[in-house]
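One structure is given below, encoded as structure tokens.
The values are calculated or read from the model by the stated rules, or taken from the named source; none is laboratory data. Remember, predicted model here, so these are calculated numbers, not experimental data. Backbone-built Cβ (ideal geometry, glycine too); neighbour counts: all protein chains shown. Quick note on the areas: whole protein, heavy atoms, side chains included, nothing else; ligands and nucleic acids left out. Shrake-Rupley method; radii C 1.70, N 1.55, O 1.52, S 1.80 Å.
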Amino acid sequence: MGALGEFLTDRFGPLGPLYAVGLLGLLLILSVLPILMKKQDDPLARFRDQVKPQAEARAAKGRTPAKQTLRQRRGSDKLDKFATFLEPKTEEEMSTARLKMTRAGYRGRHAVRTFHAIQFTLGLACLLTGVAYAIFASATSGISTTRLILVVLLPGGIGYYLPKYWVERRVQSRQSEIQNGFPDALDMLLVCVEAGQSLDQGIIRVSKELSAGYPALAEEFEIVSQEVKAGKDKTNVLRAFSERAGVPDVASFVTVMIQSQQFGTSIADALRVYASEMRDKRVMRAEEAANKLPTKMTLGTMMFTVPPLLIILVGPSVYDMLQLFKNFKM
């Protein structure tokens, strides 16, 4: 790397390494642009283009096509022409990406596409910022080749992986919130069922009560209630709830509810037993976190408590020994 930097400096001057890095970045951008701008033709669009002249002819004769307007009103997102670049290629990868975005709380139709667009744009912006800083640093003072590469590539990598880290943190935060609020939700749901309400009405009531303390869990319960109102099968709705939450406690609750519905057992009894178990598990998690505190505090204690204590206890003795040794030499 040093020999390459010396060669570029001798050939192109002090800014030779910077020119090489800028040319490399430009070549990478130019190599990506054809893939970015390329978009496969939509079969539905081709079919619409073929049918459109016939539909116009029928409309001129006084017959209005019933479904032509529905096809023309399909969503036209600004990122449609970059869909092949911004979306996963396989259905399995697409499903996994959608599930992760849903668990992070982003339920939009184009959430995956928007995430990849932000990731690409932020990475490119940080890369250009690093190039600008490298140009400024090279113009004002000398900069080594290794530092130049780090200054240019490191911000680009940080900008590219920052949205992914943000989504991961959102997923963990929502799952922690759902896990902490789930025992309280079960207790309220048990009270609603024992008061004479059905499970669907109890879920609606719980979603309203939890909106202030646990908004993520309240949102999931509200989605469950809306899907049940829409006529979807309750078993599929509960399984979708478990998949969206990604929490083991919710998965166990869904299994209990499905089995109670299939075997005809009392939902109130199942909720009472499971709510009690969830309360016990929450207490156990709190005790586990409390037991971890002494271990986590050991390093801080060793760093900030033991050295001052040693200075106070051993310091005077060391000082007296140094004075004695000094007097003995004299």
Any chance you could count how many residues in segment 143-174 are within 15 Å of residue 105 (Cα to Cα) and open to solvent by 50 Å² or more (accessible area, probe 1.4 Å)?
8
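For segment 287-330, which residues satisfy the criterion of being among the small types (Gly, Ala, Ser) and either within 36 Å of the chain's Cα centre (by Cα) or outside any helix (DSSP H, G or I) (or both)? Explain how you work it out, then say what you get.
Start the filter on segment 287-330 by keeping residues that are among the small types (Gly, Ala, Ser), which leaves 289-290, 300, 315, 317.
Hits for segment 287-330 are 289, 290, 300.
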Within segment 104-148, considering residues that are within 20 Å of the chain's Cα centre (by Cα) and of a type in the set (Val, Ile, Thr), the one farthest from residue 241 (Cα to Cα)
121
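If I filter segment 282-330 down to residues being under 30 Å from residue 180 (Cβ atoms) and among the basic types (Lys, Arg), which single residue comes out as least open to solvent (accessible area, probe 1.4 Å)? Reasoning before the result, please.
From segment 282-330, those under 30 Å from residue 180 (Cβ atoms) are 282-301; that's our starting set.
Remaining after also requiring among the basic types (Lys, Arg): 282, 285, 292, 296.
Values: 282: 76, 285: 59, 292: 96, 296: 149 Å².
Checking each candidate, the answer is 285.
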Quick one: would you say residue 243 is in a helix (DSSP H, G or I), surrounded by fewer than 16 Cβ atoms within 10 Å (Cβ to Cβ), touching a residue at least 40 places away in the same chain (Cβ under 8 Å) and not aliphatic (A, V, I, L, M)?
yes
Can we say residue 237 is in a helix (DSSP H, G or I), of a type in the set (A, V, I, L, M), under 20 Å from residue 103 (Cβ atoms) and touching a residue at least 60 places away in the same chain (Cβ under 8 Å)?
no
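Of the residues 255, 265, which single one is outside any helix (DSSP H, G or I) and either in contact (Cβ under 8 Å) with a residue 60 or more places away in the chain or open to solvent by 60 Å² or more (accessible area, probe 1.4 Å) (or both)?
Values: 255 fails: outside any helix (DSSP H, G or I).
Answer to the check: 265.
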When you go through 177, 219, 168 one by one, which is the residue that is touching a helix residue (DSSP H, G or I) at 6+ places or on another chain (Cβ under 6 Å), assigned to a helix (DSSP H, G or I) and more than 17 Å from residue 274 (Cβ to Cβ)?
177
Between a first residue in segment 149-172 that is within 25 Å of residue 215 (Cβ to Cβ) and among the basic types (Lys, Arg) and a second residue that is open to solvent by less than 50 Å² (accessible area, probe 1.4 Å) and outside any helix (DSSP H, G or I), which pairs have beta carbons less than 9 Å apart while being 6 or more apart in sequence or on different chains?
169/104; 170/104; 170/105
Does residue 246 qualify as being over 13 Å from residue 189 (Cβ atoms), of a type outside the set (D, E, K, R) and within 30 Å of the chain's Cα centre (by Cα)?
yes
Scanning segment 187-230 for residues that are more than 29 Å from the chain's Cα centre (by Cα) and in contact (Cβ under 8 Å) with a residue 40 or more places away in the chain, which turns out least open to solvent (accessible area, probe 1.4 Å)?
189
